[in-house]
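*Asks:* Please see the structure below; I have some questions.
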Amino acid sequence: MVRRLASGERWSFEIDARGGETLRIAAIGDGDTNVDLTVRDAAGKLLCADGFGDHYPVCTLAPGAPARLRVHVVNRGALWTRVQVLSN
């Protein structure tokens, strides 16, 4: 998935994770701004957060059972950025 995000814009979507398998998800920015990535479960519990002020945040987790997860990508910079989300 690729999306253009304005300054401060948040992009959220859901994914289905397999139980017992490692899930790796990355939000690759174009390098002009900082991008944050968080993953939450269906109840809203934070499972992973990468907001280290870079343009390539990655979350790695291993749900014990199949789960629907919500992914949030945020452009923290003052400029628009193009973000590509990759996952296994």
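The values are calculated or read from the model by the stated rules, or taken from the named source; none is laboratory data. Everything numeric here is computed off the predicted structure, so don't read it as measured data. We place every Cβ from the backbone using ideal geometry, glycine too, and count neighbours over all the protein chains shown. Note: accessible area is taken over every heavy atom of the protein model, side chains too, but ligands, DNA and RNA are not part of it. Shrake-Rupley method; radii C 1.70, N 1.55, O 1.52, S 1.80 Å.
Listed here are the residues, each with its yes/no results for (1) within 13 Å of A67 (Cβ to Cβ); (2) in a loop (DSSP other than H, G, I, E, B); (3) open to solvent by 30 Å² or more (accessible area, probe 1.4 Å); (4) at pLDDT below 95.
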residue: R4; (1), (2), (3), (4): no, no, yes, no
residue: E14; (1), (2), (3), (4): yes, no, yes, no
residue: R24; (1), (2), (3), (4): no, no, yes, no
residue: A27; (1), (2), (3), (4): no, no, no, no
residue: G31; (1), (2), (3), (4): no, yes, yes, yes
residue: V39; (1), (2), (3), (4): yes, no, no, no
residue: A42; (1), (2), (3), (4): yes, yes, yes, yes
residue: C48; (1), (2), (3), (4): yes, no, no, no
residue: G53; (1), (2), (3), (4): no, yes, yes, yes
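*Asks:* What pairs can you find where one residue is in the stretch 16-30 and without any contact (Cβ under 8 Å) to a residue 40 or more places away in the chain and farther than 8 Å from C59 by Cβ, the other is surrounded by 11 or more Cβ atoms within 10 Å (Cβ to Cβ) and not hydroxyl-bearing (S, T, Y), and their Cβ atoms are less than 7 Å apart, with a gap of 6+ or different chains?
*Replies:* none
*Asks:* Go through R18, R10 for me and flag whichever is basic (K, R), loosely packed, with under 13 Cβ neighbours inside 10 Å and out of contact with any Phe, Trp or Tyr (no Cβ under 6 Å at 6 or more places or on another chain).
*Replies:* Values: R18 fails: loosely packed, with under 13 Cβ neighbours inside 10 Å.
The unique qualifying residue is R10.
*Asks:* How many residues does the stretch 55-88 hold that are more than 15 Å from F13 (Cβ to Cβ), open to solvent by 20 Å² or more (accessible area, probe 1.4 Å) and in a strand (DSSP E or B)?
*Replies:* 4
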